[in-house]
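**Q** The structure follows.
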Amino acid sequence: MTKRDGVPFHRDSIPVPISFRYLQNKSAKPMRKLLSILSILLLMACATQQPKLPSDHFIPGLASPLRLTGEISEIWLSDYIPDLNLVDSIIIDNEVITPSSGEEMFIFQTPPDARPMFEMLVWSGGNYQSVPVMKSRKEEHVYTFDPEGQVFQSVQLAGEFNGWTPSRTNLELIDGLWTVTLPLNPGRYQYQLVTDEGWSPDPGNPDLIDNNVGGFNSVMKAGETDKTKMPFLYTDTYDHAGRKIMIGWTTEPDEFFVLWQNIRLEEPFLSIKKGRLEISIPKEAAGFERSYIRIYTYNEYGIGNEILVPLEKGRVVTEAEQLNRADLHAQIIYNVFVDRFFNGNPENDRPIGDPSLVLPSADYHGGDIAGVTQKIRGGYFTGLGVNTIWISPIVLNPDGAYGLWKNPLTRFSAYHGYWPISFTEIDPRMGTAEELKELVREAHAHGINMLLDFVAHHVHELHPYYIDNPTWTTSLYLPDGTLNTEKWDEHRLTTWFDVFLPTLDLQQPEVTEMLSDSAVWWITEYGLDGFRHDATKHVPEIFWRTLTRKMKQQVVQAEKRHIYQIGETYGGPKLIASYVGSGMLDGQFDFNVYDAALGVFAREADPFTHLDNTLQTSFDFYGNHNLMGYITGNQDRGRFISYAGGDLKFDEDAKEAGWTRYIGVGDTVGYRRLSMLTAFNMTIPGLPVIYYGDEFGLPGGNDPDCRRMMQFDDLDEHELKTRETASKLANLRKNNPALIYGNFQTLEVSEKTYVFARRYFDDAAIVAFNKSDQAMEIKVKLPSWVGKQSLHSNFGQEFFIEVNDLKIVLAPWSFEILFSNGH
C-alpha cells in the first residue's frame, strides 16, 4: 500500500478490465460471445449502473501502440507519461509492475503464451490509461547462399533489414553453404550479397526488383504475408444521433481492443448485434471538442487493420467540413524551399554575387519569409488545397562560401539554411522575427498549419556554441585516424556531414537540454505548429525523447494545442519506425514507398505488385492510420518529372547531370505519370507532401538543380493541366472522409494495373491506375464491405457495375477515383 495525496491506495486492489474476446463456433453460429465467470459476476454487480470512466487523462494525445521488439523489450514509460511521478503502478498482460520513482524505462519479457495483442494499464491516483501492446512478429528466417564451387573469404548481406550495412550480417560457411539466421518480421526484403568481389544480386534468387540506380536488388520473402487470413475491419453505420457505431469485419477476429482516447472500453459499451460490433460512445466524450474511438483486433494469423473514428463533442464526425487544421490526419503538406520560392522583400537580398567563387545555382536567389506570406494572402495554397506548409530552415547561417564541387568549379552559399550559426536568430536574408510572426498569423487565418525545418544534428564551425564548447561535439576523426565524414550507416550517430559541420554530441545531457529548449522556444515564441526534423537517424534517441516530452508539457498540455513532428530517415522500415511513436515523432517520410512509387510510375518495367508490397509493409510497421509523409520529391533528389519524362536517366548521377547539362522533362507523358504519383499520394493512408514545383512539373537534376526558382506564371498547357489536376486531387482528399479516415484494401494488382478501395461509413472511394501505354479494361469484384451506394467518376473515365462486378476502362497512363454519391 502507498499513499497518494494522503489517501491510502492499494495496488493489489486494482481491478483489471475484462477482455472483450470472441471465439469462432464452427458447429453453430459463425461467431458468439463467450463470457468468463468473472465477467458474468461483474455484469451482475453493475447491471443497474453505467460504469464511470477515469476522469484524469494523464497520457497526452493518443497513446500509440507499444510494438515489442522481441522476447525482451525495453518499455519507455516516459514516452507516454511526461511526469513519471504520476505513475503508481503498471499492469501488462496481467503482470503487476511497480516502477522505481522516476524510472523512465523497464525491461519486459514477453510470456511464451502471450496473445498477438494485449494491453498495458498505467495507474495514477485511482485513474488508469490503456496502451495497446503488440507482440513482436519476428520469426527466425534461415538464409543460405550456395557459392557453387567459388571460394570466398567472407560473405555478407546488405539489405532493408540491416540498414544496408554489410558488417551487421556476416554469413558462416557450413558444409559448403554460406548461412545466417535472421530475425525478421513477415514480409519482403530487398538485399544484395557482399563478397570478396563486391556487391551483387543473389545469383540463386530469381526474384529481382529494379533499384532505380541502374541495377537490381534481390528480394527475400520471410514468413506468412497473406493478409486475407487476418481480420479486416470496416466502419459500417452509426445511429442518427451519432452516439453508436457499428463495425463490421470480413474475417473472424479473436478479440477486440476498443479504446476511447486511452481508455479501453468493455461491456456495457460493447456488444455483438447481427454479426456486427456495436460501440456505445461514452457520455464523457461530450465534454471533448475532439476525441477518438480506436478499434484493434487479431486472430491466429496476426493483427488486422485498425479503425480510427474522430468524434466531435461525443458524436461521430461524418463531414469533412467538421475538420480543421488541428486534425493531423487531414493535413496536406506543401514543402516551401524558402530561398527558391518567392522574393517578397528585395531589400533583404544579399547574395555572394561572385560567380568565380559561387555559381548562381549555388547562391542565394532572394526568396524569403515575406514571399511565403504574400502567396498565402494571395490564395495560392488555399487554391491548391494545401492546409499545412513546411518551410526550410530560416535560422542564421554564415555569409561565406563552403564546400567544393569540381566540375564545374564552385563553392556553395548557405542559401538552403542547413548550416546554423545560431539557435534562435533569424537570418536577415530570410526576414525578421516580426515577419515570421506575421507569416504564422496569416497562415492560421487561412486555416493553414506552419511547420519549421529544424536542424538538430550539427552546427557550422562558425557557431559561437562550437567555438566556446568544442568538446560538446563528436570527433572529426575515428580511432584509426581516418575522417569520420559521411559515414551514414556505420557511424550514423557521430559522423560529420562535412569537415566544417561539427556534429553535436547529443549523448551529453547538457547538450540535449540546451538544444531541446531552443526547439521548444521556436514553437512557443512564434506559435508554430511543429517541425520537420533534419537527419533524424543521425541524432540519438535521447534527444527526440527529451524534446517530445518538453513539447507535451510546455505546448500540448500548457497551451492545449496539437503539435506535429515529422522526421527524415533513409533506411529500412524497422529503423524508420524506431523513431515514430508517442514519445518520439508523429511520423517520418516514407522514402521506401517513394522509391517504389518512383520506379512504378516513372518507368514502364516496374510492376504495381512491388508498390503494393512496399505499401503493405509500411502498414505493418506504422499502422493503417499513420502520420507518415508521402512525398512527390524533395531537395535531395532529382525531380520526378525529369525521370518520368526520360530526360534524367536512372543509371546516371543526377547531381552531376544537373551541373553538366540542362535537365528538362523529355517526353510529355511524364506529366501524366506525375499526376498518377500525386493521385496515389492523395488517396492512400498517411499525409501527402508536395515538394514545391511538383504541382506542375518543375524539372531538374539533383541538388542544387532540384532547387530551381519557383515558377508561378508563364506555365505551358501541360504544366497548367498538371497543376489543375494536383489541385483537384488535393481538394478531393480534403473533402472526402474516406480518403482521410477510411480503411484500405487492395482489390486488384498486376504488373500494369492497380485498384484499391477505402471506406468511412457512408463514404467510399475506389481508386484505379493504369500504367500501360494502351487503354486497359480492369475488372474487379466489389467486396460487400464497400457498401451498396452508387458510384460516380471524378475524372471522366468509363465504368460499369453489374451486381458485384466493377469494370473500369482507363486510358493509357491514367487513373480514376470513384466516389459514393455522398461525395
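The values are calculated or read from the model by the stated rules, or taken from the named source; none is laboratory data. The structure presented is a predicted model; accordingly, all values stated were derived computationally and were not measured. Positions of Cβ are generated from backbone atoms using ideal geometry, with glycine treated the same way; all protein chains shown enter the neighbour counts. The protein model used for the area step is the full one, side chains on, heavy atoms only, and it has no ligands, DNA or RNA in it. Shrake-Rupley method; radii C 1.70, N 1.55, O 1.52, S 1.80 Å.
**Q** Please go through the stretch 262-306 and pick out each residue that is modelled with pLDDT of 95 or more, part of a loop (DSSP other than H, G, I, E, B) and closer than 20 Å to T237 by Cβ.
**A** Residues satisfying the conditions are L265, F269, I281, P282, G304, N305, E306.
**Q** Turning to a different aspect of this structure: Considering each of P428, P420 in turn, give the residue that is modelled with pLDDT of 95 or more, open to solvent by 30 Å² or more (accessible area, probe 1.4 Å) and part of a loop (DSSP other than H, G, I, E, B).
**A** Step by step, each of P428, P420 is checked, and only P428 is modelled with pLDDT of 95 or more, open to solvent by 30 Å² or more (accessible area, probe 1.4 Å) and part of a loop (DSSP other than H, G, I, E, B).
**Q** Every residue in the stretch 466-504 that is over 18 Å from I421 (Cβ atoms), in contact (Cβ under 8 Å) with a residue 24 or more places away in the chain and acidic (D, E), please.
**A** Within the stretch 466-504, D489, E490 qualify.
**Q** Right, here's the next one. Starting from residues that are open to solvent by 40 Å² or more (accessible area, probe 1.4 Å) and not in a loop (DSSP other than H, G, I, E, B), keep the ones in the stretch 470-495 and report whichever is farthest from M514 (Cα to Cα).
**A** This residue is L483.
**Q** Where residues in the stretch 654-664 are in contact (Cβ under 8 Å) with a residue 40 or more places away in the chain and within 31 Å of the chain's Cα centre (by Cα), which of them is most open to solvent (accessible area, probe 1.4 Å)?
**A** E656
**Q** Examine the stretch 266-287 for a residue that is closer than 30 Å to L729 by Cα and open to solvent by 10 Å² or more (accessible area, probe 1.4 Å), and state whether such a residue exists.
**A** No - not one qualifying residue is present in the stretch 266-287.
**Q** Still on this structure, please answer the following. Take the conditions surrounded by fewer than 24 Cβ atoms within 10 Å (Cβ to Cβ), of a type outside the set (D, E), in contact (Cβ under 8 Å) with a residue 60 or more places away in the chain and farther than 28 Å from A757 by Cα and apply them to M709. Does it pass?
**A** So M709 passes the test.
**Q** Looking only at the stretch 599-614, count how many residues are open to solvent by less than 10 Å² (accessible area, probe 1.4 Å) and modelled with pLDDT under 95.
**A** Count: 1.
**Q** Please pick out the residue among K560, K550 that is over 20 Å from the mean Cα position of the chain (by Cα), farther than 19 Å from H533 by Cβ and not β-branched (V, I, T).
**A** K560
**Q** In addition: Could you check the stretch 496-513 and list, in sequence order, the residues that are in a helix (DSSP H, G or I) and more than 26 Å from the chain's Cα centre (by Cα)?
**A** The answer is P509, E510, V511, E513.
**Q** Under 9 Å by Cβ, and 6 or more places apart or on different chains, what pairs join a residue from the stretch 93-110 that is modelled with pLDDT of 90 or more with one that is acidic (D, E) and in a loop (DSSP other than H, G, I, E, B)?
**A** Close Cβ pairs satisfying both conditions: F108/D93; Q109/E71; T110/E71; T110/D93.
**Q** I would also like to ask the following. Among the residues that make up the stretch 576-598, is at least one of them closer than 18 Å to N217 by Cα, among the acidic types (D, E) and open to solvent by 20 Å² or more (accessible area, probe 1.4 Å)?
**A** Within the stretch 576-598, one or more residues are closer than 18 Å to N217 by Cα, among the acidic types (D, E) and open to solvent by 20 Å² or more (accessible area, probe 1.4 Å).
**Q** Turning to a different aspect of this structure: What is the one condition in (1) out of contact with any Ser or Thr (no Cβ under 6 Å at 6 or more places or on another chain); (2) crowded, with 16+ Cβ neighbours inside 10 Å; (3) not in a loop (DSSP other than H, G, I, E, B) that S167 does not satisfy?
**A** It fails just one condition, (2).
**Q** Within the set of pairs 6 or more residues apart or between chains, which connect a residue that is farther than 19 Å from S64 by Cα inside the stretch 120-145 to a residue that is of a type in the set (S, T, Y) and surrounded by fewer than 17 Cβ atoms within 10 Å (Cβ to Cβ) with Cβ atoms less than 6 Å apart?
**A** E140/T181; V142/T181; T144/T179
**Q** Tell me the residue from N324, N335, N343 that is buried (at least 22 other Cβ atoms within 10 Å of the Cβ) and outside any helix (DSSP H, G or I), please.
**A** Exactly one residue qualifies, and that residue is N335.
**Q** Also: Would you mind finding the one in T181, T235 that is open to solvent by 20 Å² or more (accessible area, probe 1.4 Å), among the β-branched types (V, I, T) and touching a residue at least 24 places away in the same chain (Cβ under 8 Å)?
**A** T181
**Q** Which residue out of L715, L720, L729, L747 is at pLDDT 95 or above, open to solvent by less than 10 Å² (accessible area, probe 1.4 Å) and either over 20 Å from the mean Cα position of the chain (by Cα) or not polar (S, T, N, Q) (or both)?
**A** L729
**Q** Could you check how many residues of the stretch 403-425 are without any contact (Cβ under 8 Å) to a residue 40 or more places away in the chain and not basic (K, R)?
**A** Qualifying residue count for the region: 3.
**Q** Then there is this: Can V213 be described as open to solvent by 10 Å² or more (accessible area, probe 1.4 Å), closer than 30 Å to R168 by Cα, among the aliphatic types (A, V, I, L, M) and assigned to a loop (DSSP other than H, G, I, E, B)?
**A** yes
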